[in-house]
1. Each label point is 7 Å from the Cα along the Cα-to-Cβ direction; what then is the distance between the points at ALA7 and ALA115, in nm?
2. Taking θ = phi - 60°, what integer Hz values does the Karplus form 6.51 cos²θ - 1.76 cosθ + 1.60 yield along the stretch 84-100, in sequence order, with x for Gly and Pro?
3. Please build a GNM for the chain, connecting alpha carbons under 10 Å apart, and tell me which residue among ASP19, ASP91, ASP62 fluctuates the most.
4. Take the solvent-accessible surface of the protein heavy atoms, probe 1.4 Å, and return the percent of it on the stretch 1-93 that carbon and sulfur atoms account for.
5. How much area per residue is accessible in the stretch 15-70 when the probe is 1.4 Å and only protein heavy atoms are counted (Å²)?
6. Report the accessible area of ILE81, computed with a 1.4 Å probe over the heavy atoms of all protein chains in place, in Å² rounded to the nearest 10.
7. State the Cα centre-to-centre distance between the stretch 67-121 and the stretch 22-38 in whole Å.
8. With a Cα-only, solvent-free Debye model of the stretch 74-123, what are the log10 I(q)/I(0) values at q = 0.16, 0.32 Å⁻¹?
Amino acid sequence: ALPVLEAGLALRRRCWSHDEQAIFIAQNSHASCLSELGRDDQALVLFRDIYARHVAMYGASDAAGIQIGLNLCASLMSAGIWDEAKSLARDLLLLARRSLGSDHQATLILNHNMAVALKNGPECTRDDLLE
C-alpha cells in the first residue's frame, strides 16, 4: 500500500498542486501508513509538518485541523514523547470541546489520548491521574 500512496501523493503534487486539502489528505494517508508499518520516526516527521502547515493556513480549530492534530498526538505517543503528546492533547481537547462538542468522536478520542499520555508519562503524579 505504501508505494501506491507515495505515487498518489506525487501525482497530487504534480497535477493538483493548487489543491492543498487534497495534498494534506494524501500526506496524512502516507504518514498513517508509515505509522502502521512501524516506521514511527518517519511518520512523526510527516505528521508534524502536515499539522504545522494546516494550522498556518487554516487554524487549528476546524475539524480537519483537530483530526490532523489527533494523528500527530497518536504518533507522539507511539514514539514515547509523552510530554509533548500531553501538551498537544490538552490544547486540542479544549479546541475540540469548543468547536465539535463534548460528545464528538474526535473529542472522545482526545480524552482517551490525554488519559494515556498522563498515565504513561515518566513523571506521572497523583494529580495527573486525577485530571
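1. The modelled label-to-label distance comes out at 4.3 nm.
2. Karplus values, whole Hz, x for Gly and Pro: 5, 4, 5, 4, 5, 4, 4, 5, 5, 4, 4, 4, 5, 4, 5, 8, 10.
3. Answer for the Gaussian network model of the chain: ASP19.
4. Details: 2640 of 4670 Å².
The C+S portion of the solvent-accessible surface of the stretch 1-93 is 56 percent.
5. Details: 2800 Å² over 56 residues.
Counting only protein heavy atoms, the per-residue value for the stretch 15-70 is 50 Å².
6. In the full protein context, ILE81 sits at about 60 Å².
7. First find each Cα centre; the distance between them is then 18 Å.
8. Listed by q, the Debye log ratios stand at -0.39, -1.15.
The values are calculated or read from the model by the stated rules, or taken from the named source; none is laboratory data. Everything numeric here is computed off the predicted structure, so don't read it as measured data. All Cβ positions, even for glycine, are placed from backbone atoms using ideal geometry, and neighbour counts span all protein chains on display. Each accessible area value is taken on the protein alone, full model and side chains, heavy atoms only, with ligands, DNA and RNA left out. Shrake-Rupley method; radii C 1.70, N 1.55, O 1.52, S 1.80 Å.
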